[in-house]
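The values are calculated or read from the model by the stated rules, or taken from the named source; none is laboratory data. Quick caveat: nothing in here was measured; it's all calculated off a predicted structure. Here the Cβ positions follow ideal geometry from the backbone for every residue, glycine too, while neighbour counts run over all protein chains shown. Ligands, DNA and RNA are excluded from the accessible area calculation, which covers all protein heavy atoms including side chains. Shrake-Rupley method; radii C 1.70, N 1.55, O 1.52, S 1.80 Å.
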Amino acid sequence: MAKKIREFVCQSCGSVYPRWQGKCEACGEWNTIVEETQQSSDFTTIKGKSKGKEIDFVSLDGELENKTRINTHNKELNRVCGGGLVEGSVILIGGDPGIGKSTILLQAVSQIAAKNEEKECFYISGEESIEQVRLRAKRLGLEKSPVNLASATNVKDIIATLEKNRQSSVVIIDSIQTMFIENIESAPGTVSQVRACGNELIKLAKKQGFVLFLVGHMTKQGVIAGPRVLEHMVDTVLYFEGDRGHQFRILRAVKNRFGATDEIGVFEMCDKGLIEVENPSALFLAERRGNVSGSCVFAGIEGSRPVLVEIQALVSSTDYSAPKRAVVGWDANRLSMIIAVLQSRCDLNLGGMDVFLNVAGGLKISEPAADLAVAAALISSVQNKPMPADKVIFGEIGLSGEVRAVGQSDNRIKEAMKLGFKGAIIPKNKKNKKDKNMFEIGNIQALIDWYNQF
Ligand code: TYD
Ligand code: MG
């Protein structure tokens, strides 16, 4: 009989310990270690007398199977997935509860089912009852779409059903943390359950060639809880992010075997579900008031497309010995670096000041190209004088105060011109075309000198 093995598994990173402890040494998280039981036969050991079969090697060059992509009829979702859903691919979609994962998938699957008669679509919810999903479908006006809906959590049943339906094209599992396999003793949502359920479902998707969407919940720290172990097994990982206080939501590809990573899709949550936003720059700049100090427009690139966003800074004197530094939408360490560079290279004294930085609209920026925009917003706030409102800005700042060139300069400028900006402040680069509306700067002091002319 297979022996049962007790082990203690971190639910955040999947590390295994022989006994319980408060902190996971691998990922540094506290209180994430949970007892789980495994059958010793779960482990693959090479036993027995029979020898393994020989495997065939082939050349790199060969006949390729032309995989077709399924159109979701949702431009933003298509873009994030690299131009549609590749047959047989597995997509993990993570995000905070209530961000809209179930909504976007229900919308997508309904569209696919409604517009392609030959495509059989399945929506399996482990979180909501049939009634709840029906209510949502009615709210979205999609109740007439021929989607096969079920409420189930037992993976064995789901697999048996899907094996019978050989025509399945798209299958949605909402969510992987509610699924379970009977002969694994751990509770649903634990690492061993999630890993085993994921493994079985992915195997079936590859065998039958349907597109599998797995919904995963995210923890406070921004990693998909438990299913982090799944990230390696799936083809695409999408994160659905956004602020509950804002209506727009951003779908970001962090891994994609069939397309560009860091590609984003922008949606607006309204009372009739998620609407695609075709021109995100216009949306992010919609509430911008020109002629205020501490604000400037950063021309960024998200994935393959340019996005303009407003960066706001507020610098004020503090009553406390330790000044406060708060950042929303950008990296706090990067802000400290910019402040240090401004202090030591340009004598701009921010030491006794509180500094607040905000990327307006709820977008999270990770590009170093935003350095120069942040510096400009800080300078403008310290001097209480607005930056010229008709210019965008981008560039990376180094520790010696030099401004470095960044990629896709032309695309950034083109997007700014499209939205009515007259010029740009850009890093000095030999490749730049001569243009009187482009102000090139080589170091951060040049930005301050230029700004002081106004
Ligand atoms: P949901 O898709 O259930 O989130 P998740 O599956 O990620 O947990 O989204 C639920 C939220 O979206 C809820 O707060 C209500 C809101 N919502 C709308 O604003 N409009 C709509 O049309 C729908 C269906 C939901
Ligand atoms: Mg949901």
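A few points about this structure:
- Rounded to 10°, Cα long-axis angle of helix 371-383 versus longest principal axis of the chain: 40 degrees
- The mean accessible area for residues of the chain, using a 1.4 Å probe and ignoring ligands and nucleic acids, is 51 Å² per residue.
- Rounded to the nearest 20, the size of the Cβ-charge dipole of the chain about its Cα centre is 420 debye, with Lys and Arg at +1 and Asp and Glu at -1.
- Other residues within the sphere of radius under 13 Å centred on the Cβ of Lys75, judged by their own Cβ, net out at -2 (K and R +1, D and E -1).
- Ranked by the mean number of other Cβ atoms within 10 Å per residue, highest first, peptides 234-247, 299-312 order as 299-312, 234-247.
- Computed accessible area, Trp330, all protein chains, 1.4 angstrom probe, square angstrom: 30 Å²
- For the residue pairs Lys67/Lys119; Lys115/Lys164; Lys164/Lys203; Lys3/Lys51, alpha carbon separations beyond 18 Å are given by Lys115/Lys164; Lys3/Lys51.
- Furthest towards positive pole of dipole, Asn429, Ala369, Pro323, structure part the chain, Cβ charges: Asn429
- Whether the chain is rounded, prolate or oblate, judged on the alpha carbon gyration tensor where a/c under 1.5 counts as rounded: prolate
- Taking the chain, the Cys residues with no second Cys beta-carbon under 4.7 angstrom are Cys81, Cys121, Cys197, Cys270, Cys296, Cys346.
- Dipole of region 283-451, positive direction: furthest Cα of Asn333, Asn384, Ser409, with charges on the beta-carbon: Ser409
- In Å², nearest 10: area of Leu135 left accessible to a 1.4 Å probe: 110 Å²
- For the pair Lys206 and Tyr451 in one chain, pulling the backbone fully straight at 0.36 nm per residue adds 82.4 nm over the alpha carbon distance.
- Lys67-Ile275 FRET efficiency (beta carbon distance; Förster radius 22 Å; 0.05 resolution): 0.15
- Cα gyration tensor category, rounded, prolate or oblate, for region 160-261 with a/c compared to 1.5: oblate
- Approximate shape of region 283-451 as ellipsoid semi-axes (Cα gyration tensor, √5λ), whole Å, largest first: 24, 18, 15
- Between helix 191-208 and the chain: long-axis angle, C-alpha atoms, 0 to 90°, nearest 10: 80 degrees
- Rounded to the nearest 500, the helix-only mean residue ellipticity at 222 nm of the chain stands at -7500 deg cm²/dmol, with each DSSP H run of n ≥ 4 adding -39,500 (n - 2.57).
- Against the criterion of solvent-accessible heavy-atom surface with a 1.4 angstrom probe, Val327, Val16, Val194 sort, most first, into Val16, Val327, Val194.
- Rounded FRET efficiency, nearest 0.05, which uses the C-beta distance separating Glu7 from Ile159 and R0 of 41 Å: 0.95
- Potential lengthening between Glu131 and Asp435 on full extension [0.36 nm per residue; Cα-Cα distance subtracted]: 103.3 nm
- Calculated from backbone phi, Karplus (6.51, -1.76, 1.60) coupling profile of region 311-322 in Hz, x at Gly/Pro: 9, 10, 10, 9, 10, 9, 6, 10, 8, 9, 6, 9
- Acute angle (nearest 10 degrees) that the helix 130-140 long axis makes with the longest principal axis of the chain, alpha-carbon atoms: 40 degrees
- Asp435 - accessible surface, heavy atoms, 1.4 Å probe, Å² rounded to 10: 70 Å²
- Cα-based shape type of region 71-278, given that a ≥ b ≥ c are square roots of the gyration tensor eigenvalues and the cut on a/c is 1.5: rounded
- Distance between the pseudo-spin-label points of Lys385 and Arg325 (7 Å out from Cα toward the beta carbon): 2.6 nm.
- For region 71-278, size of Cβ-based charge dipole, Lys and Arg +1, Asp and Glu -1, in debye: 160 debye
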